[in-house]
Amino acid sequence: MSTQMQQLYQQVILDHSRSRIGNSALLGENAAGPHGYSHQVNPTCGDEIELETELLEDGRIAVRWSGDGCSISMASASVLSELADDSTIEGMLKIEGQFHELMHSRGTMEADEEVLGDAAAFTGVSKFPARIKCALLSWVAFKDALNQAQTAREEKRHA
Amino acid sequence: MFARLRGDFPILDERVGESPLSYLDSGATSQKPQCVIDTFTEYYAQRNAAVHRGAHTLAVRATDAFEGGRAAVAGLVGGAPEQVCWTKNATEALNIVALGIDRASHGFGGEAAKRFAIGEGDSIVVTEMEHHANLVPWQQLAASTGASLRWLPVTEAGELDLSELDSIVDETTKVLAFTHVSNVLGTVNPVDTLVARARAVGSAVVLDACQSVPHMPVDFVDLDVDFAAFSAHKALGPTGLGVLWGKPELLDALPPVLTGGSMITTVTMENTEFMPAPQRFEAGTQPVAEVAAFATAVGYLVEVGLENVYAHERELAEVLLDGIAEIPGIRVLGSAEQRIGTVAFDVEGVHAHDVGQYLDSQGVAVRVGHHCAQPLHRRFGVTASTRASTYLYNNVEDCQRFLAALAEVRPFFGVGEQAS
């Protein structure tokens, strides 16, 4: 097996792609806190994800998603959900920024495991240009849904 | 013969990492023999000029190359050279027909174009196995004219379900557009049955021949279709070139969509008269070098013989299908008897993208995704599949390397251990 394949398909990624964290029914309007929703499609392969964020009172973000796609995209959504469980909004935005930068580094960037946690395992993906979108699909949905949740919270405050 | 001609394709000597290349993605685009590649250099070094104008020697050489390409294609698929119109690709060719009918339906093209006009109460019929290029333009035409869009469904075997043919294609049907060969399943459709039904109800027939012309003998005159489209790049030729073939009286009556230079007879400030086909569909500067290169490709195919290409690929298809049947957890989409060397399949528990990535690591190039046929994939309950597609330069060894790599996919991703 080539080293590149081992770099791409880290055990962490294969594990997350099989037992997926956050892969659960969306609540929609039944969510208690301010929430946002995003549906992202990768038109080149048909992979898709529906992702929901809900702002919790303790400052964390609950992430729920369902999707259909390759191991990279599904594992990425799972890792994202796991990280959200242990992080604040600010923390997640920092992770999102670093992850985005890492994915576009063509393998030249060293992942900061302190910040990225399991998401650091995706370093190898950045060497495969055709797969970067797979890794980013859930993160694009997350950022979109988070924006909406934050807007919903602002509107609630001003109401 | 086939063992020898593999050497004509320099790209097949490329290596992918540590592995030799087994290219099984010719359904997407074919590789080019050295003679086709050389034609580009030779054309630009010795013949390049503007075609259909200028009195100088180079202009004559360039025009000969351009028109000679038409004759070569007519020799391959039947009809006269004037029935061959150059387009950017097959998608554009199909759009020229759909949009031409749209224009005719909105009063363009005068008396001659009225035969194409459609509207509310009329129907356009396609099939569930179409490439998006032969589906979306017809959806657009239906939306623009008020005609309804119907389709022939696909059976589990990956063949057209013709049990309701007479009610789906009825007296309201003005266009029947379908693919000769499925780009996903490899199924060869019964053109004669469909054309006969279209003739019975007075419908025009549009054939997507992208996956048939490169792989089997095809004669559009014998098939009695009205329009046909295919691309050069899937048939050993260059990218950037497609063919719209049509019956002469229909081509000359269809309103052109792209208008401007090179396609007119008389222009005043108020009005324009268009040339007959093929020039009426060839506005602006044309891909002359590409035509010259495609003429070389067509010559190559004719020399090999399309019936030999078909037989060779059928043998490879058997190797692929027999081999896949022995690997646990693989579901082949469709099982048509009439087919070319294109096989699409689902690997249980592993997404097509991951399958393709693993095969690539072993030097095997296949296509993954929906292959521009989302409705067909939905029909088979998947969003994506993996497709291996052969051509004349492939050999049994390519198929065996593919099968060996495919057998390793599920173990690599840790699925189906119990089954194996």
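Any read-out appearing in this document is the output of simple, stated calculations on the displayed coordinates, not a laboratory observation. What you see is a predicted model; the values in this text were computed from it and never measured. Please note: Cβ atoms are built from the backbone with ideal geometry, for glycine as well, and neighbour counts cover all protein chains shown.
A few comments on the model shown:
- Residues being in contact with a helix residue (DSSP H, G or I) (Cβ under 6 Å, 6 or more places away or on another chain) and outside any loop (DSSP other than H, G, I, E, B) - total across the stretch B:180-210: 5
- Residue list for the stretch A:47-91, filter: within 13 Å of the chain's Cα centre (by Cα) and acidic (Asp, Glu): A:48, A:50, A:52, A:82, A:85
- Only listed residue being touching a strand residue (DSSP E or B) at 6+ places or on another chain (Cβ under 9 Å) and either basic (Lys, Arg) or under 23 Å from residue A:37 (Cβ atoms) (or both), chosen from A:89, A:95: A:89
- Residue tally, condition surrounded by fewer than 20 Cβ atoms within 10 Å (Cβ to Cβ) and free of Cβ contacts under 8 Å to residues at least 60 places away in the same chain, over the stretch A:112-131: 9
- Residue within the stretch A:123-131 that is under 19 Å from residue A:82 (Cα atoms), away from every other protein chain (no Cβ under 14 Å) and assigned to a loop (DSSP other than H, G, I, E, B) present: no
- When A:97, A:107 are checked against the criterion of being surrounded by fewer than 17 Cβ atoms within 10 Å (Cβ to Cβ), at positive phi and either away from chain B (no Cβ under 14 Å) or part of a helix (DSSP H, G or I) (or both), a single residue qualifies: A:107.
- Subset tally (residues that are free of Cβ contacts under 8 Å to residues at least 24 places away in the same chain and of a type in the set (S, T, N, Q)) for the stretch B:250-265: 1
- Of all residues making up the stretch A:134-156, the number that are among the hydroxyl-bearing types (Ser, Thr, Tyr) and within 18 Å of residue A:83 (Cβ to Cβ): 1
- The single residue among B:187, B:179 that is more than 26 Å from residue B:250 (Cα to Cα), among the hydroxyl-bearing types (Ser, Thr, Tyr) and buried (at least 21 other Cβ atoms within 10 Å of the Cβ) turns out to be B:187.
- Taking the numbered list (1) surrounded by 21 or more Cβ atoms within 10 Å (Cβ to Cβ); (2) of a type in the set (Val, Ile, Thr); (3) more than 14 Å from every other protein chain (Cβ to nearest Cβ) in turn, residue A:140 passes all entries but (1).
- Against the list (1) under 30 Å from residue B:318 (Cβ atoms); (2) surrounded by 16 or more Cβ atoms within 10 Å (Cβ to Cβ), the condition residue B:161 fails is (2).
- Residues of the stretch B:21-70 satisfying the condition of being aliphatic (A, V, I, L, M) and touching a residue at least 12 places away in the same chain (Cβ under 8 Å): B:21, B:24, B:28, B:36, B:37, B:49, B:50, B:51, B:62, B:65
- If the condition is being part of a helix (DSSP H, G or I) and either surrounded by 22 or more Cβ atoms within 10 Å (Cβ to Cβ) or touching a Lys or Arg at 6+ places or on another chain (Cβ under 8 Å) (or both), then the stretch B:211-227 contributes only B:220.
- Spans of helices (runs of 4 or more DSSP H) in the stretch B:333-420 with at least 3 residues more than 14 Å from chain A (Cβ to nearest Cβ): B:396-412
- Residue in the stretch A:111-124 that is farther than 18 Å from residue A:53 by Cβ and under 11 Å from the mean Cα position of the chain (by Cα) present: no
- The stretch B:304-321, residues that are assigned to a helix (DSSP H, G or I), under 17 Å from residue B:33 (Cβ atoms) and not charged (D, E, K, R): B:304, B:306, B:308, B:309, B:312
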